[in-house]
Amino acid sequence: MLTKEFLRPRDTKLTANILHLPRLIVSSDRSGSGKTLISSGIMAALAKRLKVRGYKAGPDFIDGGYHRLATGRPSINLDLFMMGEEGVRRSLVKYSRGFDLAVIEGVMGLYDGHGMSYSTFQLSKTLKTPIVLVVDCSAMGSTVGAIVYGLKSYAGADVKGVIFNRISSEGHFNYCASGVKDVKILGYIPFVKDIKIPSRHLGLFTTETLRDAERIVKEVASLVESYVDLDSVMEVAESAGKLELEPESHESPETKTHGVAAVAYDQAFSFYYEENLDRLRERYELRFFSPLENERVEDADFIYIGGGYPELFTSELSSAHLTKKWILDSASSGVPILAECGGLMYLSRYIKGQDQTKRDMVGLYDIGIFMPGKLTLGYRSLKSISPNMLADEGDSIRGHEFHYSAPEYVNESRFAFKTSSGKGIKDGLDGAITNNAIALYTHLHFSNIKKRTVF
């Protein structure tokens, strides 16, 4: 619902080190409440008249794809563990230049995330950004008021508004609204059976694999326009505080390209941070290739294979002989290769998929992968135990693990890192090394990698 003239060109005050931009964080009491849909709906509705940038709290690779559909622009991750407080502030400032509004989708519940230290609540404090709660009301009424009150008062969160989700009727909405005190009710989203993003073992379906993704985002945007007071949403966003950065303590990296970086991207490999790709763009021309389509990039100077769902496409990947041979030849020639999680699985000897069929992969590493059905999840601190393209010996970098696969056997002896927690590939070791290739289970955010040998 639009009634005011807020949809005008913004008088945004933004310099190299100061940001004053309307922005808000969408959070909830838990996962599965509808944050991704409603965040994307708000973005899409406001992007019709404003230039909107979407952000995602935490290490998630999937939700940002829905933000991209909503805004037409890449979503940016803001992760306190991997990037640090100053890092998330710098990324928000950097990627908000020229924008009218920033919408940040939180992670899990408001206070979740390796304790409260890396939670959406802490991100709100760090970024001086007000919070809009989303509450799934499908099985409750006035108890909503207790949830909103508890989330706001538990640690003094800057909660400025609430949107009810999955409301069955006007009477249901009034019943829920009756219990809410001291927080503005911004509207609601009615329950619509067909507006739902299905999930699987690593979270929501990716936009690369969900055919209805664009339709769903458009329909939820229409619901937001009809049932949510967007004037009040903007008033919340405009209450965000001015954000100031510390002066840069190092020189900016050179921007001249030095070759070609080949990046695997298709339905099997889609887990990339946009900021990582931008760091590669500082040095390389990016060329994307699809292992599923048996593609290769001739004369690549660097190969990057991120995570995703290779276990769902083992037959296609096994049959892509040109791609597999190209990767092996590149590794033998000393081309630097970085493979994360799904990329590690692909470079292994085989993957035993969910159907228990063992299919040959690239075979760069003498490792067998299977799917035990047990989730490995958590932040990781890695200490370099040998010099490599990512870190000098003794250096530390941060990342996270998120996978259902595991090694069935490991016949590798050279590793780049020892993890302070988590399993890694073998006995807490991660980053298997072959020539100039490194494959690890840990996903990395390049902002905390200081070594600039390769990127």
Checklist outcome for this item: For ILE167, the residues 5 or more places away or on another chain with a placed amide H closer than 5 Å to its own amide H are ILE189, PHE191
Item to check | Fully extended contour minus Cα-Cα distance, from GLU393 to ASP366, at 0.36 nm per residue | outcome: 7.3 nm
Item to check | Estimated FRET transfer efficiency when R0 is 30 angstrom, pair SER138-SER421 (beta carbons, to 0.05) | outcome: 0.25
Checklist outcome for this item: Compactness check, region 18-244: C-alpha Rg relative to the 2.2 N^0.38 Å globular estimate gives 0.93
Next on the checklist: What would the Debye equation give as log₁₀ I(q)/I(0) for region 237-367 at q = 0.16 Å⁻¹, counting only Cα atoms as equal point scatterers?
Outcome noted: -0.78
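Between ASP182 and LYS218, what FRET efficiency follows from the Cβ-Cβ distance if R0 is 35 Å, with the result rounded to 0.05? List each step's numbers first, then the result.
Values: r = 34 Å, r/R0 = 0.98.
Efficiency for this residue pair is about 0.55.
Please report the projected area of the chain's Cα convex hull averaged over all directions, in nm².
Details: hull surface 84.8 nm².
So the Cα hull casts an average projection of 21.2 nm².
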Checklist outcome for this item: Given a Förster distance of 41 Å, the FRET efficiency implied by the Cβ-Cβ spacing of ASP299 and LEU245, rounded to the nearest 0.05, works out to 0.55
Next on the checklist: Please arrange ASP360, ASP112 by how many other C-beta atoms lie within 10 Å of their C-beta, fewest to most.
Outcome noted: ASP360, ASP112
Checklist outcome for this item: The long-range amide H neighbours of HIS258, using H built 1.01 Å from N in the peptide plane and a cut-off of under 5 Å, are TYR284, GLU285
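Once you charge only the Cβ atoms, +1 for Lys and Arg and -1 for Asp and Glu, what is the size of the charge dipole of region 18-244 about its Cα centre, to the nearest 20 debye? Could you put the intermediate results ahead of the total?
Working: 28 positive and 24 negative charges, 87 e Å.
It comes to approximately 420 debye.
Can you compute the helix-only [θ] at 222 nm over the chain? Use -39500 (n - 2.57) per DSSP H run of at least 4 residues, normalise by all residues, nearest 500 deg cm²/dmol. Could the numbers behind the result be given before it?
Values: 12 runs with 121 residues, N = 455.
So the calculated ellipticity at 222 nm is -8000 deg cm²/dmol.
Residue separation times 0.36 nm, minus the C-alpha to C-alpha distance between HIS114 and SER153: what's the value?
Values: separation 39, 0.36 × 39 = 14.04 nm, distance 2.04 nm.
The HIS114-SER153 span can extend by a further 12.0 nm.
Could you work out the percent of alpha carbon pairs in region 260-448 separated by over 30 Å, rounded to a whole number? Walk me through the numbers on the way to the answer.
Details: 1836 of 17766 pairs.
Counting every Cα pair in region 260-448, those more than 30 Å apart make up 10 percent.
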Checklist outcome for this item: Sorted by chain and number, the residues with a modelled amide H under 5 Å from that of TYR350, at a separation of 5 or more or across chains, are MET361, ILE367, ILE369
Next on the checklist: Under the 0.36 nm per residue contour assumption, what length would be gained going from the current alpha-carbon distance of GLU282 and LYS48 to full extension?
Outcome noted: 81.1 nm
Item to check | Sequence-distant lysines (8 or more away, or on other chains) whose Cα lies within less than 21 Å of LYS325 | outcome: LYS352, LYS358
Next on the checklist: Can you tell me what share of the DSSP beta bridges in the chain is antiparallel? A percent to the nearest 5 is fine.
Outcome noted: 45 percent
Checklist entry - Over all Cα pairs of region 47-168, how is the pair count split among 5 Å bins, expressed in % and running from 0 up to the last occupied bin? => result 2, 11, 20, 21, 20, 15, 8, 3, 0
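Values in this text are rule-based calculations from the coordinates and carry no lab data. No experiment lies behind these values; they were computed from the predicted model shown. Glycine gets a Cβ as well: all are built from the backbone with ideal geometry, and neighbour counts include every protein chain shown.
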